[in-house]
1. Can you give the Rg to Rh ratio of the chain, both from alpha-carbon atoms, with Rh computed by the Kirkwood formula?
2. Take LEU318 and ASP423, extend 7 Å from each Cα along the Cα→Cβ direction, and tell me the distance between the two endpoints in nm.
3. So between ALA363 and ARG480, what do we pick up on full extension, going 0.36 nm a residue minus the alpha carbon distance?
4. Any idea what the alpha-carbon Rg over 2.2 N^0.38 Å comes to for the range 236-387?
5. What nm distance separates the two modelled labels at ASP103 and ASP33, each placed 7 Å from Cα along Cα→Cβ?
6. Under a 1.4 Å probe, what is the accessible area of the range 388-510 per residue, stated in Å²?
7. Taking 7 Å along the Cα-to-C-beta vector as the label spot, tell me the ALA494-SER242 distance in nanometres, rounded to one decimal.
8. Enter the Cα centre distance for the pair the range 283-329 and the range 97-164, rounded to the nearest angstrom.
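The values are calculated or read from the model by the stated rules, or taken from the named source; none is laboratory data. Given the structure is predicted, the values throughout are model-derived calculations rather than measurements. Positions of Cβ are backbone-derived with ideal geometry, glycine not excepted, and every protein chain shown enters the neighbour counts. Accessible surface areas use protein heavy atoms only, side chains included; no ligands, DNA or RNA. Shrake-Rupley method; radii C 1.70, N 1.55, O 1.52, S 1.80 Å.
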Amino acid sequence: MGHERRRKHWGWGFADEQPGREELRAAAAGLADHLGFGEREPEPPVPLEAVELPPPRLDAPFAQDAWSRAAHAQGRSYLDVVRGLRGRFPHPPDAVAYPGSEDELRAVLDWCGERDVAVVPVGGGTSVVGGIDAIPGPGHAGVVAVNLRGLDRVLEVDPVSRAARIQAGTTGPALERQLGEHGLTLRFYPQSFELSTLGGWIATRAGGHFASGPTHIDDLVESVRALTALGDAWQSRRLPGSGAGPSPDRMLLGSEGTLALITEAWVRVRPRPEQREAATVRFPTFAAGAEAVRELLQAGLRPANCRLVDAAEAALTLAGDGSAHLLMLGFEDPVPQLATALGLCARHGGEGRPRASSEWREAFLRAPYLRDTFAAMGVLSETFETAITWERLPAFVEEVKGAAAAALGRGTVTCRLTHAYPDGAAPYFTVLAPVRRGDEEQRWSAVKAAASEAVLAAGGTITHHHAVGRDHRPYYDRQRPEPFAAALRAAKAALDPRALLNPGVLFDPR
Ligand SMILES: Cc1cc2nc3c(=O)[nH]c(=O)nc-3n(C[C@H](O)[C@H](O)[C@H](O)COP(=O)(O)OP(=O)(O)OC[C@H]3O[C@@H](n4cnc5c(N)ncnc54)[C@H](O)[C@@H]3O)c2cc1C
């Protein structure tokens, strides 16, 4: 934990940058006026000193202070934020290890292995699917959370092949700062960029800001290094591509800490873009906008930003006045594609206007802070995302939105397309509703279940980039082919015979 700036033990951001009481009140009042619901008097968070944690089950040579245990007890989904605000941390780890090197990590794994203690790898702790809750598996003596953020360096840069070797615990800003010294960038901006880590992105197959082209971290990974629960090194070769059997990197991508602990990766980097151009295009209907996006992708254009936001969401986020559906379009070198894209949009009734390209990104990266205020003012705010092929998209969006809205009652369910492909797109839904204090869990669970059932029934995926964790388990169990589940279990048995790594996440070992 040594050199790191201390994070808030719940919610978003750092302990030393939290808004004061009056500032929070003003924010809540402004938001309540804008939404037409939500309490103007925000609920004060329970301070760390007043949080009661169950006593540790282990006497461990790792950190056991209240901040360490609370801050690593859960991720940052809406319900995690609500619980954290109220000082509820139902599954804190018994101890938190902060290895600063691969050797120190191996020693932690040995210690846990000798005592049948479960190990939960933690990167930024920004999971929104219950990916880091410290719940032991059957027969485990307790849980040690392993905070990997001590592994935070860019170790090597290869300017010729444009790749960099980066330690897994490096957060977005730290990674960009170090690559910037070489005039390079990864250009991978998930909304959680500020606090999440490269290892977490790989373990969850995160999606970045590129709306097309390299959408997932998968596309940027050249090779991966990891340690298994037994302490064995798993290191793949650096290759631009390879047809030598199933890919070892692909096996770790999306493994969510269940197969090995990722310690570093070679990733594909690029020079900073020299040119950027952006426009906002207004469409009379969401369907017309979606048709334009499909044509754009199928014409071979690869916009960096290509987010189609429905009119209701545009009004809520103040991106528009609610009279039109908006396509946020942006290109990074080569920008001349923007003119072609706007021409295509016009054929679907889309009217384009130039926009500063940084505007959208800044609002995007500030959004996580808002969620803490929503939780404190009795506003249910959460998102869920999926993907579907174009021919099913219009009906799919209506069905999922309808199912979620019916389960929600009062409030709004809005949609945007965050990522687009030649054969389909990723609809992303935002739920905002007034909620009585104490009812959050039951309200949100009803919406989530209705939406997830609708997604599965209509042939979508339970997640496009938020991962499976615990929350999506019941749906992922039905989505994946059964022989594949058997193969995962067999891999787990070989790599982690005592099933110590992240029990309960992604799949059951037996
Ligand atoms: C406000 C907000 C916005 C978000 N926006 C996005 C977004 O735009 N795109 C997106 O894809 N996701 C987003 N997320 C979800 C989350 O940020 C991602 O899943 C992210 O990849 C998690 O990274 P992390 O470093 O925080 O990992 P953690 O939350 O610490 O861990 C996530 C999972 O990966 C495992 N893990 C972490 N590090 C390692 C490692 N080194 N080796 C093995 N396993 C490991 C953990 O055990 C856990 O199962 C958002 C979340 C929040 C709260």
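1. Radius of gyration over Kirkwood radius for the chain works out to 0.95.
2. 4.1 nm
3. 38.6 nm
4. Numbers: Rg = 19.4 Å, N = 152, 2.2 N^0.38 = 14.8 Å.
In units of the globular-protein estimate, the range 236-387 measures up at 1.31.
5. Distance between label points: 6.1 nm.
6. I get 40 Å² per residue for this part.
7. 1.5 nm
8. 39 Å
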